[in-house]
Amino acid sequence: MKAEISSSIPRPDGKAKASGLAKYIGDHDYKDALTARFYRSDFPRGLIRNVSVPPLPEGYYHINYKDVSPEGENILALTRKDWPAFAEEEIRYKGQIIGLICGPDPNVVDKIIKGISIDFKAIEPAVTLDDSLALKGGPLVGEDNLLDKITLSHGDCDKAFSEAAETVEGTYETGFQEQLYMEPQGLVAWVENDKVNIHGSMQCPYYVKHAVQEILGPEYKVRAVEATIGGGFGGKEDYPEIMGAPLAVAALKIGKPLRMIFDRSEDMAWTSKRHPSRIKVRTAHDKSGEILAMDIDCIIDGGAYESYSLIVLMRAVFTSTGVYNLPVFNVEGRALATCTVPSGAFRGFGAPQAIFALEMHMEKCSRKFHMESLEFKKTYFLKKGDATITGGKIRDDVVLDKMIARAEEMSLYSHKRKSYKDQPWKGIGMALFNHGCGFTGDGEQRIIKAKAAVHKRADGIVEIQSAAVDFGQGPRTTFRKIVGKILGIPPQEILYSLPDTDVVPDSGPTVASRTIMIVGYLLQEAAKELKSNWKEGEDQRVLKHYEMPPGMSWDQEKLQGDAYATFGWGVNVCEVEVDPLTWETRVTGAWGIYDVGVAIDEKVVNGQIQGGMSQALGYGAMENLTVDKDGVFQQRSMADYMVPTTLDFPRTGADTIDNPYEYGPFGAKGMGEMVHDGGHAAFAAAVEQAVGRDCPRIPLIPETLMEIMKK
Amino acid sequence: MVETLRPRKLDEALTWLSERKALPLAGGTDLMVHFRNYTGTDSLIVRPVLFTDAIDELHSVEDLGDSLKIGAACLLSELENNELVPSLLRQAISQIAAPALRNRATLAGNVCNASPAGDSLPPLYLYDSHVVLASSSGTRTIPLVDFITGPGKTIRTDDELLTHILVSKSQNEKIYYRKVGTRAANALSKLTVAAFAELENNIIMDLRMAFGAVAPVVVRERAVEIIFIGKSIDQVDLDEFRQAYAPHIRPIDDQRSTALYRKEVALNLAGDFIRKIQENL
C-alpha cells in the first residue's frame, strides 16, 4: 500500500513551462540593460604581464580586478577563498575569467572581446591526474597539488592483508560529465536604492547573495531573485556565484543594469563539470572468498581551484563502502589540482564515482571466487543498528531485501543472469547503493541553519516562504501538497513565489537531496503549528528552524559520527546486447527500485527516476568528455557531446517501496540525486557479463570497449 | 540584417547568383551552423542569401529510364518516402539526424556541404551519381566523385547552382547499409558503410562498396571491386576482402571517435557484408 499523499496532482508550474508562458531570465525585458560578456585567458597556465584592450567607444566599459572596491575582496566566496573572481596575475586554466566588457550593442562587445590580446609568461600545464601527480610545470597548489585529503579507517587493515589467503585489486575510472541543463547560465544585475540586485537562473539564491556580498564588501545591500530556472543538475549551484560576483562589481561600477546570458558554446566550454575519478580498490579475502578488509585509494580531479571539491570528496569517501558492512577498511581520498575548469556540483556529488568503483569491484571479487555477484554481496548488507563507515548508526529499517525481490519480479534478473551465461553478447547487471540525504556531516546544523515559514494572510490565503527553487525536481508541487494536506487546503490555492532573498527566509541551497527532507519537514512542522493556532482574519506567520534529529552527532575534526541523518536506497538493473562488429552496446532493459521513505507525489518521483536513469546510463555509455593538451573540453557542442535521446534507452521499469522516515514530511526522504547513483554501474556490470571481460572505465563507449576486447 | 532572395524561377536565381554573388541556401541545416556566431549578435553572413525552396522546377524527381533526376530543392523527408529512389539511399537518408531536420534539409545541400561524414554520399558514390551545375552561361554535368575534392570542398563556382543530382537506377538484390553514429538519433557519423552486390548463380556480376568518414572524401575503390567481380561469392575469403580495403581506409582521430576504431569497424562491416550474403545462399 502506498501512502495517500503519493497520488499525483497536476504540477502547478507545469502548464506555464510546457506552453512557453514561463519567463526564464532571457525572456525578461530589461530595456536599458547593457550586454555584458567575460573575456578569458587564452592560454592554460602562466602569469599575465599585460592585457591590451582595444580603445572603447563611448558607452562601453572594461571591468577587471582593479574595479573591486577596497572594502570588498576579489575572491569567490565558495568553500575556500582560493579562487579570484577576476584573475590578477596567475592563470591556472584556459578560459579563466580575467575581466568583462559591456555596452549597448552585443556586436560591438563581441568585436572588442575578439580584439583583446594578452601578454603572458607561459608555464607548462598539468592537465591530467598523472600530470598533477608528477607535478608537471611545478605544483599548482601547495607543494603536492593536493586540494584536499581525508582518510577514514576502521580495524587493522595491514594485518588483514598480511593474513589474507587472496587479494583482489582493481582500478576504476570515471570521466567528466556535462550537466547540459536546457537553459544556459544567465543573470541580470542592477543597482537600485543602494542595493545590488541579481536576478536569474540559480539553484541557491542565498549563495549568490553571499558571494556578491563578499566581493562588494559589507556596506552594500544585496538581493538575489530567482527567475524560473530551466534545469540545473548541480550546474547552477556554484556557477551563478562565479558569474554573479564579477557581474555585480561591474553593475556597481557602471551604475547601469547588465545582462549576461551565456551562449551554449560558452556554457559548455567553461562552466563546471562532474569530477573525474580514479579509484583503486583492494580487498583481502579468506580462502572461501569472504572479505576481511577493503582498502580504497580515491582520487578525484578538482580542476584549477577548490570550489566544492572537499565536500564532493567527503561524499565520495563516505559512500565508498556503499550498502555493505565491512569490518575492516581504510579509505584515503584526495582531490588533485589540474589546469582544467574547476570541477563542481553535479547530481550525486561524488557518490556516482564511488559507487561505480565499489560495485565493479564487488563484481570482480564474485568472479574471482566463482560466486553469483548478488549472493556474494548479500553477505555484507547493512541493516538497522549497524555502524556506518564514519562510525554513525543506521537508524532506520533497511528494506533492501524487499527492493531486490521487487527488482527480481520486474526484471527477472537472476533468471536472465543465468541464461545469458550461454548466450554470447548478452548481459544483465545489478547495482545497489544508498545515498545520504542532506548536507554531509553537521553541515545542516553548523553551516546552513535552514529556516522556512508558512504565512497566512489576514484574508486566509496561505503562502510558502522558502528559498528552494524548482528546476524540475518538483518542490512547487510537493511543498504545496505537504502544507495543503496539513491545513486542509487544496494545494493549488497555496501561494509559492519565486524565491527573493528580500522576502523569504534562508532555507538553504537547493542541493544535496535536502529539499523535501529538510525544508519540506520545516514546512510540515510550521503548517502543523499554524493549524493548531489558526486565528480567522489574522495575519499569522510560523517560522521553523532546523534542528538535528535527536541522537545524531558529528565530529568534524575526526570525521566521526552520523555523516547523514538517513539514507535513500536503490536497486538498479540494466540489460544489454553488444554488437561484436562495432562494439556498440544497446540497452534492452532498465529497472530502478527505490526506498524514498514515502513519495510525496508519484509522478514527480517517477519523473526523477526516468530522467536520473537516462542521465546515469548516458554517463556510463555515451557521455564522452575529454580534454586537449591545454585542458580544454573537446566536446563543446550538442553535436559532439552525446546525451541520450529517447531512442537510446528504453523506459525504466520503476517502483518505490514505502519505508517512512520519522523526520521527513509524511515520511519522505531525499531522492533527486540517488537516481543517478547506480545506472552506470548496472550498465557496466551487464556489459561485463556480455563480453566476459573487466570493464573498469566509463564512459564505456564503443572505442573503449574495442580497446578492452583487443587486449 | 541579412538580405534574402527567394526566386521562383531558376533563371532568376542564376542571374542573382552571378550579379549579386548570392549564397545559395538549400535547407540551411549545415549552413546555419557554419555561420553561427555568439547568441544575440548579428549573422556572420555578409552576402545575400538565396533560398532555393521556392523554385518549382527543382522540386521534382524525374524518372529518366535508367536513371533518376533529383531536383536540388527535394527535401530529405520527401526522398525518404519516394519509392523511385534506390532503397539503399533511402535507408541512408532515414538515419540522418531526426525528422524535423529531414523536413528542412535537402540532398543537394548534403552534397554541396561535402562533409566526409555526409551520410547520403556513400550511396550516391555507389550509384555513380552525377551532379548538374547551372549558371547564366550554361550547364555542365559532372561525376560526383570529381565534384567533391576534399572536406567541405567542391568545384562549384560562386555563380553556379547545383540544380539536379543524377542517380543511376539499380535493382540490387543484396544491399547493405550501416551507419555507426554517436547515438541512436540526431547523431553525426563515426563511419558509414554502403554496399551492394549483384549475383547470378552465385557468381558476383557486380559489387560496389563505399565508406564514409574514414578519409577526406568518400572511399570507393573500383580497382578493389574488380578483384572480386567474376568470382563465386562462396569463395571470397573474408580476410582477403578486408585486407584489400585496409590501405584505403585512412581515418583520423577527432572529438567523435578514434582512427583506430573507425578503421577496425569499417573493415569489420566490410567483412560482414560478404558474410551475410554467404550465409543467405
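Hey, among A:THR321, A:THR340, which residue is in a loop (DSSP other than H, G, I, E, B), of a type in the set (Val, Ile, Thr) and surrounded by fewer than 24 Cβ atoms within 10 Å (Cβ to Cβ)?
A:THR321
Residues in segment A:268-319 that are β-branched (Val, Ile, Thr) and over 27 Å from A:GLN635 (Cβ atoms): A:VAL281, A:THR283, A:ILE291, A:ILE296, A:VAL317, A:THR319. Of all residues in segment B:41-62, exactly one satisfies the criterion of being more than 10 Å from chain A (Cβ to nearest Cβ) and touching an Asp or Glu at 6+ places or on another chain (Cβ under 6 Å), namely B:PRO48.
Against the condition β-branched (Val, Ile, Thr) and out of contact with any Leu (no Cβ under 7 Å at 6 or more places or on another chain), how does A:VAL483 come out, does it pass? If you could, list the steps in order and put the result at the bottom.
Working: β-branched (Val, Ile, Thr): yes; out of contact with any Leu (no Cβ under 7 Å at 6 or more places or on another chain): no.
Against the criterion (β-branched (Val, Ile, Thr) and out of contact with any Leu (no Cβ under 7 Å at 6 or more places or on another chain)), A:VAL483 does not qualify.
Give me the residue from segment A:120-138 that is over 28 Å from the mean Cα position of the chain (by Cα) and without any contact (Cβ under 8 Å) to a residue 24 or more places away in the chain and, out of that set, surrounded by the most Cβ atoms within 10 Å (Cβ to Cβ). This residue is A:LYS136.
Could you check segment B:12-26 and list, in sequence order, the residues that are without any contact (Cβ under 8 Å) to a residue 12 or more places away in the chain and either closer than 18 Å to B:VAL2 by Cβ or under 26 Å from the mean Cα position of the chain (by Cα) (or both)?
B:GLU19
Checking each residue in segment B:52-81 for being over 16 Å from the mean Cα position of the chain (by Cα) and open to solvent by less than 40 Å² (accessible area, probe 1.4 Å) picks out B:THR52, B:ALA54, B:ILE55, B:LEU58, B:VAL61, B:SER67. Scanning segment B:157-186 for residues that are in contact (Cβ under 8 Å) with a residue 40 or more places away in the chain, assigned to a loop (DSSP other than H, G, I, E, B) and either open to solvent by 60 Å² or more (accessible area, probe 1.4 Å) or within 14 Å of chain A (Cβ to nearest Cβ) (or both) yields a count of 5. Mind checking which residues of segment A:567-605 are more than 13 Å from chain B (Cβ to nearest Cβ), outside any strand (DSSP E or B) and buried (at least 24 other Cβ atoms within 10 Å of the Cβ)? Scanning segment A:567-605 gives A:VAL596, A:GLY597, A:ALA599, A:ILE600, A:VAL604, A:VAL605.
Could you tell me which residue of segment A:633-642 is surrounded by the most Cβ atoms within 10 Å (Cβ to Cβ), considering only residues that are more than 8 Å from chain B (Cβ to nearest Cβ) and in a loop (DSSP other than H, G, I, E, B)? The selected residue is A:TYR641.
Name the residues in segment A:177-206 that are among the aromatic types (Phe, Trp, Tyr) and crowded, with 24+ Cβ neighbours inside 10 Å, would you? Let's see the steps before the verdict.
Going through segment A:177-206, the residues among the aromatic types (Phe, Trp, Tyr) turn out to be A:181, A:190, A:206.
None - no residue of segment A:177-206 is among the aromatic types (Phe, Trp, Tyr) and crowded, with 24+ Cβ neighbours inside 10 Å, so the list stays empty.
For the subset of segment A:652-667 comprising residues that are in a loop (DSSP other than H, G, I, E, B) and not polar (S, T, N, Q), which member is nearest to A:ALA682 (Cα to Cα)? Within segment A:652-667, the match that is nearest to A:ALA682 (Cα to Cα) is A:ILE657.
Can you tell me which of A:LEU21, A:LEU34, A:LEU56 is among the aliphatic types (A, V, I, L, M), more than 25 Å from A:VAL341 (Cα to Cα) and free of Cβ contacts under 8 Å to residues at least 12 places away in the same chain?
Values: A:LEU34 fails: free of Cβ contacts under 8 Å to residues at least 12 places away in the same chain; A:LEU56 fails: free of Cβ contacts under 8 Å to residues at least 12 places away in the same chain.
Result: A:LEU21 is the single residue among A:LEU21, A:LEU34, A:LEU56 that is among the aliphatic types (A, V, I, L, M), more than 25 Å from A:VAL341 (Cα to Cα) and free of Cβ contacts under 8 Å to residues at least 12 places away in the same chain.
Being outside any loop (DSSP other than H, G, I, E, B), assigned by TED's automatic domain parsing to the domain that holds A:GLY385 and surrounded by fewer than 24 Cβ atoms within 10 Å (Cβ to Cβ) is true of A:LYS364.
Apart from one condition, B:TYR38 fits all of (1) farther than 28 Å from B:ARG20 by Cβ; (2) assigned to a loop (DSSP other than H, G, I, E, B); (3) within 14 Å of another protein chain (Cβ to nearest Cβ); (4) free of Cβ contacts under 8 Å to residues at least 12 places away in the same chain; the exception is (1). If you check A:LYS221 against the conditions, is it surrounded by fewer than 24 Cβ atoms within 10 Å (Cβ to Cβ), more than 22 Å from A:TYR24 (Cα to Cα) and either in contact (Cβ under 8 Å) with a residue 24 or more places away in the chain or of a type outside the set (D, E, K, R) (or both)? Here the answer is yes, as A:LYS221 does meet what is asked. On the stretch given as segment A:46-81, residues that are farther than 26 Å from A:TYR239 by Cβ and among the basic types (Lys, Arg) total 1. The set of residues in segment A:610-626 being open to solvent by 40 Å² or more (accessible area, probe 1.4 Å) and more than 9 Å from chain B (Cβ to nearest Cβ) consists of A:SER614 alone.
Considering each of B:ILE249, B:ILE274 in turn, give the residue that is away from every other protein chain (no Cβ under 13 Å), in contact with a strand residue (DSSP E or B) (Cβ under 9 Å, 6 or more places away or on another chain) and among the aliphatic types (A, V, I, L, M). Lay out the reasoning, then the answer.
Values: B:ILE274 fails: away from every other protein chain (no Cβ under 13 Å).
So the residue among B:ILE249, B:ILE274 that is away from every other protein chain (no Cβ under 13 Å), in contact with a strand residue (DSSP E or B) (Cβ under 9 Å, 6 or more places away or on another chain) and among the aliphatic types (A, V, I, L, M) is B:ILE249.
For segment B:28-51, filtering for residues that are on the phi < 0 side of the Ramachandran plot, open to solvent by less than 60 Å² (accessible area, probe 1.4 Å) and under 25 Å from the mean Cα position of the chain (by Cα) leaves 6. Taking strands (runs of 3 or more DSSP E) as the structural unit, those lying wholly within segment A:71-163 and holding at least 2 residues that are within 26 Å of A:TYR30 (Cβ to Cβ) and among the small types (Gly, Ala, Ser) correspond to A:97-103.
Taken as a whole, the condition of being within 13 Å of another protein chain (Cβ to nearest Cβ) and over 30 Å from A:ARG476 (Cα atoms) does not apply to A:ASP630.
Taken over segment A:244-267, the criterion of being under 26 Å from A:SER637 (Cβ atoms) and either within 14 Å of another protein chain (Cβ to nearest Cβ) or in contact (Cβ under 8 Å) with a residue 60 or more places away in the chain (or both) is satisfied by A:PRO246, A:LEU247, A:ARG259, A:MET260, A:ILE261, A:PHE262, A:ASP263, A:ARG264, A:SER265, A:GLU266, A:ASP267.
For segment B:201-212, does any single residue satisfy the condition of being touching a helix residue (DSSP H, G or I) at 6+ places or on another chain (Cβ under 8 Å) and within 14 Å of another protein chain (Cβ to nearest Cβ)? Yes, because at least one residue in segment B:201-212 is touching a helix residue (DSSP H, G or I) at 6+ places or on another chain (Cβ under 8 Å) and within 14 Å of another protein chain (Cβ to nearest Cβ). Looking only at segment B:98-117, how many residues end up being part of a loop (DSSP other than H, G, I, E, B) and farther than 17 Å from B:LYS179 by Cα? Residues meeting the conditions: 4.
Annotation: B:SER257 fulfils all but one of (1) open to solvent by less than 50 Å² (accessible area, probe 1.4 Å); (2) assigned to a helix (DSSP H, G or I); (3) within 14 Å of chain A (Cβ to nearest Cβ); (4) out of contact with any Pro (no Cβ under 7 Å at 6 or more places or on another chain); the unmet one is (2).
The values are calculated or read from the model by the stated rules, or taken from the named source; none is laboratory data. Because the structure is a prediction, the values reported are computed rather than measured. Cβ atoms come from the backbone with ideal geometry, glycine included; neighbour counts cover every protein chain shown. When the accessible area is computed, the model is the full protein with side chains, heavy atoms only, and any ligands, DNA or RNA have been set aside. Shrake-Rupley method; radii C 1.70, N 1.55, O 1.52, S 1.80 Å.
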